[in-house]
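Below is one structure, written out as structure tokens, with a few remarks after it.
The values are calculated or read from the model by the stated rules, or taken from the named source; none is laboratory data. Values in this document were obtained by computation on a predicted structure and should not be read as measured data. Positions of Cβ are backbone-derived with ideal geometry, glycine not excepted, and every protein chain shown enters the neighbour counts. Heavy atoms of the whole protein, side chains included, go into the accessibility calculation; ligands, DNA and RNA do not. Shrake-Rupley method; radii C 1.70, N 1.55, O 1.52, S 1.80 Å.
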Amino acid sequence: MYRHVDILNKHGYRTFALHVQKGFRLKWFANDTEVICLEDFRRIYLPDRDIIVLPEDLGEGILNFPGKKVIFNQGVYLGFYCMGLTKVQAYPYLHPDVKGAIVVSDHNRKYLSFVYPDLKIYRVYNAIEPEKFRYRSVSDKKKLIACLPAKNLVDLSQVYHILRSRAHQGINQLKDYEWIFIENMSEQNVARAFGSSLIFIFLSTEEGVGRMPLEAMLSGSLVVAYNGGPLPEYLDDKNSFLSERGDVLGIVRDVEKIVQSFNEEKKLLEQVGKAAFETASRYSAKREKESVLKAWEEIQQKLQQGGE
């Protein structure tokens, strides 16, 4: 959201990131993004002129905001999960004040299009920045495995303990490997973790697009993941190591195979790492900027056609 605000402000729009608390801004990454609190928003907001962009996980709360609205849906799964299993009074996407939705993957676009066939949907691309996530070849990596405990901890715990148990018995070659748990880290520290880690295990498929696998790929880490959700948009057998969703032992076998190759012959791993880097490089700042501006040009045109 912050990057969208920055892009729009540089191209003739007047845009803010809205926070409830006065003086608050996100600090886990460097930014000088225009932010505004709820009090100031209420003071300057003009319903006939302005558009409010709201996240999908507000659920029915989206309709508590006045005027014209666009939903920035960064994860279709959360957009439904947040409403639980109770009957809702009104689905925000069907309300006349909601003028469309912005999504970050083709998977999410198709998903929402199936549920809401008449909804206008705009696809944008996320940028993964090479100046932050610097590529390091496989031969420069350390014996480190990065993972994300917040995503599918049930399966990740199995993978972790199976690999460590087999290492303890001398069955695999992971005895000297350390694990990095990515949680409560700044963007700078995440980049440092990916720069050092040989492997990144990612077991979530319930994503908008899944930024972290792309960040790992741009950094040269080898991604071991489930094949599902939006991930096939950029993961394949040439640039990553994929197992079917729920195949814990498949993930374990891929990690052990990578480690064995790292110890004995790195050539294949170097090829996978380079292919991953090339794929992640397509998610550029230029592509993000062009997609965001195109989306908002189309939103404005749609509103003008509707006389709003």
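Shown is the FRET efficiency for C37 and K110, computed with R0 = 35 Å from the Cβ-Cβ distance and rounded to the nearest 0.05: 0.45.
Ignoring lysines fewer than eight residues from K110 along the same chain, the ones with Cα atoms less than 17 angstrom from its Cα are K120. Quick check: at a probe of 1.4 Å, how many percent of the accessible area of the stretch 28-109 sits on carbon and sulfur atoms? The value for the stretch 28-109 is 55 percent carbon and sulfur by accessible area. Of the three principal axes defined by the Cα atoms of the chain, the extents in descending order read 69, 41, 34 Å. Cross-link reach is defined here as a Cα-Cα straight distance under 16 Å, omitting same-chain residues fewer than 8 places apart; for K143 the lysines meeting it are K175, K257, K266. The GluC sites (Glu not before Pro) of the stretch 228-259 that DSSP puts in a loop, and whose beta carbon has at most 10 other beta carbons within 10 Å, are E244. The residues of the chain expose, per residue, 53 Å² of accessible area to a 1.4 Å probe. Close amide H partners of V98, meaning residues 5 or more places away or on another chain with modelled amide H under 5 Å apart, are K69. Size descriptors for the stretch 81-219: radius of gyration and Dmax over Cα atoms are 19.7, 63 Å.
For the stretch 248-263, 3J(HN,Hα) computed residue by residue from phi via the Karplus equation (6.51, -1.76, 1.60; θ = phi - 60°) reads 4, 5, x, 4, 4, 4, 5, 4, 5, 5, 4, 4, 5, 5, 5, 7 Hz, glycine and proline entered as x. For I180, the residues whose modelled amide H falls within less than 5 Å of its own, excluding neighbours fewer than 5 places apart on the same chain, are I145, A146, C147. Summarising the label geometry, the points placed 7 Å from Cα in the beta-carbon direction at E187 and N263 lie 3.8 nm from one another. Full extension of the chain segment joining E297 with L94 gains 70.9 nm, where the gain is 0.36 nm per residue of separation less the Cα-Cα distance. Using alpha carbons only, the radius of gyration of the stretch 2-86 set against its Kirkwood radius gives Rg/Rh = 0.98.
So if the hydrodynamic radius of the stretch 181-279 is defined as the Kirkwood radius over C-alpha pairs, what does Stokes-Einstein give as its diffusion coefficient at 10 °C and 1.306 mPa s, in µm² per second? In µm²/s, the coefficient rounds to 117. Between A150 and K286, the modelled label-to-label distance comes to 3.2 nm, taking each label 7 Å out from Cα in the direction of the beta carbon.
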